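For reference, the structure is listed below as structure tokens.
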Amino acid sequence: MTGIDLHCHSTASDGTLTPGELVRAGAAAGLDVMAITDHDTTGGWDAAAAARPTGMRLVRGAELSCRWHGAEPAIPLHLLAYLFDPSEPVLAGELVRLREDREQRAEKIVTKLRADGVPITWEEVSGYSAGGSVGRPHIAQALIRAGLVRTTTEAFASTWLGARYFVPKSDLDVFDAVRAVREAGGVTVFAHPRATVRGRVVPDELIVDLAEAGLFGLEADHEDHTPAQRAQVRALAERLGLVVTGSSDFHGTHKTVRLGAFQTDPEAYEKIVSAAAGVPVLG
Ligand code: AMP
Ligand code: FE
Ligand code: FE
Ligand code: ZN
């Protein structure tokens, strides 16, 4: 048995464990392989690598905020990118742009909340993100501190960050993202592609086109997919010759899912590693 979890967040984005704590927690949870996939950043890579327990293999990656412009309004989606060269200028430049946009957008959300008398500040929210990629969970943290909601999930209700105080991000076009990751020697996997609980999902036809453009895999086993959705994703992947992954999408205490709750088969993992050439797996 090999424990493989290819989608985990740290404090480099909206997780609550530092990269070092994350890899140690992964080892404690029985994982042999884990990927660090913070939103729009490689900022946790070095600390995770430095803290990597003996015997643990570390896949360095990121989760890219993307958008498909084939629907009106465009549909946001997440692409997991693995083992890409972080110094490749096009992709690195896009990551900087995405993080800067996250900051501006979070500030706008805070301004909206403050206009309605909500007692939180950008300084507080920015402090929670601690130099990492800022996201709505950090604003949720401020709302919890202010006693307005009890949990992150409550903060994502339509009366709060889900709609009333929602501001969109200017994400990366999904085809540009697939191309940029390939150019950087990496591999892309479409994260939770059928998770209707998160909002609108893209049609199968887009996934067909993305596969042609170089998409490598689909994340099937994820807590936001129902058993039927997992089966749909597996069937589509089989039809298109894409690898299938399963992962926890661990975020520490910002979510309830545990490390290793969903896992990837060793064969799929090996295919990802074989297809990537940007940076090696560590360990
Ligand atoms: P953002 O990237 O700033 O748009 O915020 C989205 C992030 O918030 C996702 O990556 C999740 O980690 C988290 N998230 C989204 N929806 C929820 C929810 N309903 N409950 C808890 N966390 C959520
Ligand atoms: Fe997240
Ligand atoms: Fe995601
Ligand atoms: Zn994620």
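The values are calculated or read from the model by the stated rules, or taken from the named source; none is laboratory data. Treat the numbers as computed from the prediction; the structure is a model and nothing was measured. Quick reminder, even Gly has a Cβ in these numbers, built from the backbone with ideal geometry, and neighbours come from all protein chains shown. Side chains are part of the model used for accessible areas, which takes the heavy atoms of the whole protein and leaves out ligands, DNA and RNA. Shrake-Rupley method; radii C 1.70, N 1.55, O 1.52, S 1.80 Å.
For Ala106, indicate whether it is surrounded by 18 or more Cβ atoms within 10 Å (Cβ to Cβ), more than 14 Å from ligand 3 (Cβ to nearest atom) and of a type in the set (A, V, I, L, M, F, W, C).
yes
Quick check on my filter: what residues within the range 1-14 are near ligand 4 (Cβ under 9 Å from one of its atoms) and of a type outside the set (S, T, N, Q)?
First, pick out the residues of the range 1-14 that are near ligand 4 (Cβ under 9 Å from one of its atoms): 7-9, 13-14.
Of everything in the range 1-14, those that are near ligand 4 (Cβ under 9 Å from one of its atoms) and of a type outside the set (S, T, N, Q) turn out to be His7, Cys8, His9, Asp14.
If you take the residues of the range 20-46 that are of a type in the set (Asp, Glu) and more than 12 Å from ligand 2 (Cβ to nearest atom), which of them is surrounded by the fewest Cβ atoms within 10 Å (Cβ to Cβ)?
Asp46
Find all pairs meeting these conditions: Cβ atoms under 8 angstrom apart; at least six residues apart or on different chains; first residue within the range 22-40 and at positive phi; second residue open to solvent by less than 10 Å² (accessible area, probe 1.4 Å) and more than 16 Å from ligand 1 (Cβ to nearest atom).
Gly30/Gly3
Residue under question is Arg145, and the condition is that it be open to solvent by 60 Å² or more (accessible area, probe 1.4 Å), in contact (Cβ under 8 Å) with a residue 24 or more places away in the chain, closer than 27 Å to Pro19 by Cβ and away from ligand 3 (no atom under 16 Å from the Cβ); does it hold? Steps first, answer last, please.
Numbers: open to solvent by 60 Å² or more (accessible area, probe 1.4 Å): yes; in contact (Cβ under 8 Å) with a residue 24 or more places away in the chain: yes; closer than 27 Å to Pro19 by Cβ: yes; away from ligand 3 (no atom under 16 Å from the Cβ): yes.
Yes; evaluated as a whole, the condition is true for this residue.
Where residues in the range 224-262 are out of contact with any strand residue (DSSP E or B) (no Cβ under 8 Å at 6 or more places or on another chain) and within 11 Å of ligand 4 (Cβ to nearest atom), which of them is most open to solvent (accessible area, probe 1.4 Å)?
Ranking the qualifying residues of the range 224-262, first place goes to Lys255.
For residues that are away from ligand 1 (no atom under 16 Å from the Cβ) and open to solvent by less than 10 Å² (accessible area, probe 1.4 Å), tally how many sit in the range 1-19.
Result for the range 1-19: 2.
Among the residues in the range 61-79, are any in a helix (DSSP H, G or I) and over 18 Å from His39 (Cα atoms)?
For the range 61-79, residues in a helix (DSSP H, G or I) and over 18 Å from His39 (Cα atoms): absent.
Can you go through Gly3, Gly15 and tell me which one is touching a residue at least 60 places away in the same chain (Cβ under 8 Å) and under 16 Å from the mean Cα position of the chain (by Cα)?
Testing whether each residue is touching a residue at least 60 places away in the same chain (Cβ under 8 Å) and under 16 Å from the mean Cα position of the chain (by Cα) leaves just Gly15.
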